[in-house]
1. Assuming 0.36 nm per residue, please report the length gained on full extension of the stretch residue 75 to residue 87 beyond their Cα-Cα distance.
2. Given segment 19-122, what whole percent of its Cα pairs are spread farther than 21 Å?
3. At a Förster distance of 30 Å, what's the computed FRET efficiency of residue 158 paired with residue 138, Cβ-Cβ distance as r, to 0.05?
4. Would segment 42-81 count as rounded, prolate or oblate if I go by the C-alpha gyration tensor, calling it rounded below 1.5 in a/c and otherwise prolate when a/b exceeds b/c, oblate otherwise?
5. In nanometres, what is the gap between the two model label sites at residue 56 and residue 111, each 7 Å from Cα along Cα-to-Cβ?
């Protein structure tokens, strides 16, 4: 495929080929998903706090029947706290990865914009180079017209310069 074919294909390209729009959509979706992860972690933290309150309440009452539930409450609390820590670590890792991809996307977006601008500059330069030949021919024709006008003016100066022009005074005899 030659340069001309590639240029024609590029000019006929759809606006949907813009990678920036796709990246923006992806970043928005990932942000929404990460927000759901953070909301779920907040719900887990709320459940952990409820268990902490339940454990304190049972300990404060010193009721032997309720105290029998303490080992189960503590085990559940530890399980929930461990899962919360794990999810927080995973969420932080995912957020870091999304930020890394976002940074890469910004780099790619800048590279794409620069490549597009370079292509436009090259197209414009090619048009200027193509038209430069025609412009040079037009300048040569203009120079020839100027040279003809000067030659004509100089010829008239020579012709009229050798003869005396009538100055309006009577001829001398």
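None of the figures in this text is laboratory data; all of them are computed from the coordinates on show. All of these numbers come straight from a predicted model, not from anything done at the bench. Backbone-built Cβ (ideal geometry, glycine too); neighbour counts: all protein chains shown.
1. Details: separation 12, 0.36 × 12 = 4.32 nm, distance 1.82 nm.
Between residue 75 and residue 87, full extension yields an extra 2.5 nm.
2. Working: 3087 of 5356 pairs.
The proportion of pairs with Cα distances above 21 Å equals 58 percent.
3. On the way: r = 31 Å, r/R0 = 1.02.
Computed FRET efficiency for residue 158 and residue 138 comes out at 0.50.
4. Working: a/c = 3.85, a/b = 1.90, b/c = 2.03.
Verdict is oblate for segment 42-81.
5. 5.4 nm
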